[in-house]
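What follows is a single structure, written as structure tokens, with notes after it.
The values are calculated or read from the model by the stated rules, or taken from the named source; none is laboratory data. None of the values given here were measured: they were computed from a predicted structure. Every residue, glycine as well, gets a Cβ built from its backbone with ideal geometry; the counts of neighbours run over all protein chains shown. Heavy atoms of the whole protein, side chains included, go into the accessibility calculation; ligands, DNA and RNA do not. Shrake-Rupley method; radii C 1.70, N 1.55, O 1.52, S 1.80 Å.
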Amino acid sequence: MFTLPSITRGSRLAAGVALAAAAALALSACGGGSGTGTPGASGSGGGGGGGEKIAVTLITKTSTNPFFIAMQEGAKKAGADNGVTITTAAGKADGDETTQIAAIEAAVARGDKGILITPATDGVNPAIEAARSAGLFVIALDTPPNPPSTVDITFATDNFKAGELIGKWTAGTLAGKKANIALLDLFNDKVASVDYNRDQGFLTGMGIDVKDKNKNGDEAPSGKYTGGNGGDYTIVCHEPTQGAQDTGKTAMENCLSKSKDINVVYTINEPSAAGAAEALQAGGVKATIVSVDGGCTPGIVLVKDGTVGATSQQYPVKMAEIGMEAIKKMIDTNGAEGKPQNSPGLDFQDAGVALVTDKPVEGVESITSAEAEKVCWGGN
């Protein structure tokens with residue numbers, strides 16, 4: 001059982017957003033140390049006594065999303081526990097391949113032994129492959145690359161299952177009513193597995209034929225959903241959010257310009273869900289919002305106050321901890337003991353996922369927001 005302490009919570013959307021912003025600012029300020037010259041990079045010394053430290057770089061998609069802030073803090077603690085010196089780097093925004101590639105190249109030039117990375121897109125694959133050719137071990141967190149063999153191993157949420165859970169919950173909640181669906185995705189100009197897996201998982205959970213599970217937007221724009229009691233559906237829009245609150249709001253506004261009948265909103269993550277909620281409120285439209293992340297803030301706050309109906313909770317601190325332990329072992333043995341194994345039937349090792357809602361649906365396993373608070377982010 002994970003035992004992260006609970007985070008102070010509010011009762012309104014504004015409170016959740018404010019808490020997320022405060023957390024981002026406070027934790028970002030906790031970095032420091034020796035910079036590498038790479039945009040978004042900072043150094044963090046490992047603990048554990050004498051001897052030469054092993055150097056590893058953690059590269060996340062951003063350093064502002066609370067999900068990645070938690071991952072950075074988890075990696076720093078795990079690095080200290082394992083005698084590893086951690087350098088952190090992050091993209092300027094979700095999908096920023098250029099900064100991630102520069103951070104990978106800096107890790108190689110610096111003589112690091114390994115890299116932990118949440119790949120922005122498959123566009124960083126050549127840089128990862130070059131790092132491995134140079135002798136570095138590379139582990140992906142949160143987002144499996146395509147192909148999975150690009151890295152030594154991935155520790156991630158089963159993002160398809162995460163989407164499927166909120167899709168099943170949504171279908172059950174509709175109780176046969178027509179679903180007018182807004183899909184607020186990550187990108188419309190880049191390909192990332194986390195993007196299509198969550199989107200396609202959601203539609204599959206709803207009982208909508210997605211045709212190709214590795215491609216967003218090829219499903220029929222209208223038809224029947226078979227989840228829950230079944231009913232009619234129309235997909236009003238696919239809009240990119242870049243995983244951020246302001247662009248989530250813009251995406252929702254674009255969807256509302258097409259139809260005010262939207263009653264179901266799927267969002268790629270909780271910052272985009274918060275933005276969507278702002279747009280819906282401003283437009284006077286009531287809709288059920290579902291999302292993925294399950295963060296202490298804004299995620300659980302948004303579920304508690306009813307802004308988000310259900311979210312799938314991930315465990316980024318756990319990913320960082322097991323990723324750090326694995327890469328330390330691989331470095332210590334020069335890979336002689338072999339890399340960790342994938343979970344059965346998956347091309348990554350599953351870090352777990354749980355549906356969080358205070359309005360449970362029969363037949364869909366879930367935990368309450370109060371239960372989710374006790375384990376949010378998944379630290380030991």
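Quick one, what does Rg over Rh come out to for the chain if you take C-alpha atoms and the Kirkwood Rh? Numbers along the way, then the final one.
Details: Rg = 20.1 Å, Rh = 20.7 Å.
Ratio of gyration radius to Kirkwood radius: 0.97.
Return the lysines within reach of K168: Cα separation strictly under 16 angstrom, same-chain partners fewer than 8 residues apart disregarded; answer none if there are no such residues.
By straight Cα distance, K168 reaches K177, K178, K224, K359.
What is the extension gain from T98 to K178, computed as 0.36 nm multiplied by their sequence separation minus the C-alpha to C-alpha distance, in nm to one decimal?
The T98-K178 span can extend by a further 24.5 nm.
Where the accessible area of the chain is counted over protein heavy atoms with a 1.4 Å probe, how much of it, in %, is carbon and sulfur?
Of all accessible area on the chain, carbon and sulfur atoms account for 50 percent.
For D209 and E365 in the same chain, what is the full-extension length gain: residue separation times 0.36 nm, less their Cα-Cα distance, in nm?
53.9 nm
Just to verify a number: FRET efficiency for A220 and S133, C-beta to C-beta distance, R0 = 51 Å, to 0.05?
It comes to 0.70.
What FRET efficiency comes out for the pair K339/K258, r = Cβ-Cβ distance, R0 = 51 Å, nearest 0.05? Provide the component values of the computation, followed by the final result.
Details: r = 47 Å, r/R0 = 0.92.
According to the calculation, E is roughly 0.65.
So what is the calculated 222 nm ellipticity per residue for the chain, using -39500 (n - 2.57) for each DSSP H run with n of 4 or more, over all residues, to the nearest 500 deg cm²/dmol?
Details: 11 runs with 140 residues, N = 380.
Rounded to the nearest 500, it is -11500 deg cm²/dmol.
What accessible area per residue, rounded to a whole number of Å², is obtained for the chain using a probe radius of 1.4 Å?
Working: 14760 Å² over 380 residues.
The answer is 39 Å² per residue.
Given contacts defined as C-alpha pairs under 8 Å and at least six residues apart, what's the relative contact order of the chain, whole-number percent? Kindly include the intermediate steps, with their values, before the conclusion.
Values: 950 pairs, mean separation 72.6, N = 380.
In percent, rounded to a whole number, it is 19.
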